[in-house]
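Each remark here refers to the structure printed beneath this line.
Bear in mind these aren't lab numbers, they're just calculated from the coordinates by the rules spelled out. Quick caveat, the model's predicted, so the values are computed rather than measured. Here the Cβ positions follow ideal geometry from the backbone for every residue, glycine too, while neighbour counts run over all protein chains shown.
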Amino acid sequence: MAGDLPDYYFRARENGAFVFRVDTENRQRRIDMDQIAVVNIRKGEIKPHGERELTPEDRTAIEAWMAERLKILEYRDIDDILRAVDCLNTTTHWVQAKATDAQLDQVMDALLLAMHDLRTVLVRKKADRLLKDG
């Protein structure tokens, strides 16, 4: 098992990760994880942990992780929006076919305001793009 472990472990968090170097080459044959850096994806920062100096291999591994993580987060953003479209379609069907008056009273104002807000932003963005391209 120890031979199959990666050299680095990234404990993902909201805006980056804590980076650990994985060590299995010790007398106790235990897995040791030594924190070597903190990554901030939004700012593109790699900060060595404590007084550490990162090796070129450390930086290469961290930069590769950051690039892959950004791709994953971008994919998730689009996937979340496409799921929201599916949810809106399901909601429309529920309102039309199944919702009781009491249920509609619970959700109608919140839905109308959220949809109005979304529509306003989408129309503004589309108009800006048309003016920019035209």
With point charges of +1 on the Cβ of Lys and Arg and -1 on the Cβ of Asp and Glu, referenced to the Cα centre of the chain, which listed residue (Thr24, Ala102, Phe10) lies farthest in the positive direction of the dipole? Ala102
What relative contact order, as a whole-number percentage, does the chain give when Cα pairs under 8 Å and 6 or more residues apart are counted? 11
In debye, nearest 20, what is the charge dipole magnitude of the chain about its Cα centre with +1 on Lys and Arg Cβ and -1 on Asp and Glu Cβ, if you could check? 300
Descending Cα extents along the principal axes, the chain, whole Å: 69, 44, 25
Normalized C-alpha radius of gyration of the stretch 2-74, against 2.2 N^0.38 Å? 1.13
Given a Förster radius of 30 Å and the C-beta distance between Lys132 and Ile81 as r, what FRET efficiency does 1/(1 + (r/R0)^6) yield to the nearest 0.05? 0.85
About the Cα centre, and with charges only on the beta carbon of Lys, Arg (+1) and Asp, Glu (-1), how big is the dipole of the stretch 2-74? Nearest 20 debye, please. 260
Using mean Cβ contacts within 10 Å as the protection proxy, how do 97-110, 10-23 order, highest first? 10-23, 97-110
Can you give the helix-only mean residue ellipticity at 222 nm for the chain, where every DSSP H stretch with n ≥ 4 adds -39500 (n - 2.57) and the sum goes over all residues, rounded to the nearest 500 deg cm²/dmol? -20500 deg cm²/dmol
Take the Cα coordinates of the stretch 57-132, assign each an equal point scatterer, and use the Debye formula without solvent to give log10 I(q)/I(0) at q = 0.11, 0.15, 0.19 Å⁻¹. -0.53, -0.77, -0.94
Relative contact order as a percentage, the stretch 2-74, C-alpha pairs under 8 Å and 6+ apart, gives 21
